[in-house]
Amino acid sequence: MDITENIQNSATVLGLTGRLDGLTSGTLERKVDALLAGGAKRIVFDCGQLLYVSSAGLRVFLSSAKKLKAAGGSAAFAALTPAVREVFELSGFTTMLEIHPDAAAATAAKA
Amino acid sequence: MTPDSRKILTLRNDLAELPRLAAFVDEFCDAVQPGEDDRMALQLVLEEAVTNVINHGYADGQGHEFTVTLQLADEGRVCAVVTDDAAPYDPLTRPPVDVEASLEDRQVGGLGVHLMKRLTQHAHYERRDGKNVLTLERAIRRVS
């Protein structure tokens, strides 16, 4: 998995490409923890190029959203591919998490 | 691929094996030609089962090997079996996940087994000959 990082509208957008699985999820978790330690309040996970997510990835998404909320911030998820959307729906994530059609909408939205 | 042909993969208890598992499932799917949703489901179900064994199966810090088999059980059904010699453990007994919980109340964890059950029609665990045998079956739609 590749992770890109950029700032839009004072939100950190993490662009995820490839597979977020038991092998790669730790990389994302460390990235999010570093951003939180640096004071990030709003993180947008751009999933437009994310082809696959397993429970290990869902776990990082969920714990990231919890940590951000506890820090007075928020997480958003953008541009879900059909495969990722299905896993989100099966896991109840589509109703629990903030989801946007694309990263621009997520950074424009009020956190 | 005709029903009955069975593919076997031996894995070490190391997460670095996951790409080999993914390639194995892809190769099976290339031969069987299920729909894309079935391919993703098989990838996911097997990753969850195998990750459980790797992360929780062996407490001794030693290297171990275990096997995954994939079989087209009949024209519309794939049977996956994960067999390991770790301590007895039935993952299917995990309490269900509350998928309606709010972000604050939602527990982190348990989703792997949840997905395994949701993406299969049949999931069965047994301890046989000193081994954990987890059988997972999914009805598939073949595209050709």
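Please treat every number below as a calculation from the coordinates, not as lab data. Since the model is a prediction, treat every value here as computed from it, not as a measurement. Don't worry about glycine lacking a Cβ; one is built from the backbone with ideal geometry, like all the others, and counts go over all protein chains shown.
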query = Exposure proxy check: B:Cys79, A:Cys47 ranked by fewest other beta carbons within 10 Å?
reply = B:Cys79, A:Cys47
task = Provide the per-residue ³J(HN,Hα) series for the stretch B:41-48, in order, calculated from phi with Karplus coefficients 6.51, -1.76, 1.60 and θ = phi - 60°, each as a whole number of Hz, with x at glycine and proline positions.
result = 4, 5, 4, 5, 4, 6, 4, 4
key: Ranked B:Lys131, B:Lys117, criterion: other C-beta atoms within 10 Å, fewest first   = B:Lys131, B:Lys117
query = What residue among A:Gly15, A:Gly26, A:Gly48 has the largest mean-square fluctuation in a Gaussian network model of chain A, using Cα springs under 10 Å?
reply = A:Gly26
query = Regarding chain A, what whole-number volume in Å³ per residue does the convex hull of its Cα atoms give?
reply = 84
request  = Run through the DSSP bridge list for the protein assembly as shown and note the antiparallel percent, rounded to the nearest 5.
outcome  = 70
request  = Using θ = phi - 60° and the Karplus relation 6.51 cos²θ - 1.76 cosθ + 1.60, list the HN-Hα couplings for the stretch A:92-108 in order, rounded to whole Hz, with x at every Gly or Pro.
outcome  = x, 7, 5, 8, 8, 10, 7, 10, 10, x, 8, 5, 4, 5, 5, 7, 7
request  = List every residue whose amide H lies under 5 Å from the amide H of A:Ser74, counting only residues 5 or more places away in sequence or on a different chain, with H placed 1.01 Å from N in the peptide plane.
outcome  = A:Arg42, A:Ile43
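Going by a ≥ b ≥ c, the root eigenvalues of the Cα gyration tensor, does the protein assembly as shown fall in the rounded group (a/c under 1.5), the prolate group (a/b larger than b/c) or the oblate group?
Details: a/c = 2.08, a/b = 1.67, b/c = 1.25.
Note, shape of the protein assembly as shown comes out prolate.
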ask   = Considering only DSSP beta bridges with both partners in chain A, what is the antiparallel share in %, to the nearest 5?
value = 30
Taking A:Ser54, B:Ser5, B:Ser102 and counting other C-beta atoms within 10 Å, the order from fewest to most = B:Ser102, B:Ser5, A:Ser54
task = List nothing, just return the count: lysine pairs in the protein assembly as shown, 8 or more apart or interchain, with Cα separation under 17 Å.
result = 9
Loop-resident sites, the stretch A:26-98, for trypsin sites (Lys or Arg not before Pro), counting at most 16 other Cβ within 10 Å (DSSP) = A:Lys41
remark   = Candidate cut points under GluC sites (Glu not before Pro) in the stretch B:47-144, DSSP loop plus at most 11 other Cβ atoms within 10 Å of their own Cβ, are B:Glu75, B:Glu100, B:Glu104
key: Alpha-carbon centroids, the stretch B:53-103 and the stretch A:43-111: separation in whole Å   = 26
note = The local net charge around A:Asp2, scoring Lys/Arg +1 and Asp/Glu -1 for residues other than A:Asp2 whose Cβ lies under 15 Å from its Cβ, equals 0
inquiry  = Could you give each residue of the stretch B:66-78 its phi-based ³J(HN,Hα) in whole Hz, using Karplus coefficients 6.51, -1.76, 1.60 with θ = phi - 60°, and x for Gly or Pro?
reply    = 8, 10, 10, 10, 10, 9, 7, 5, 8, 4, x, 8, 10
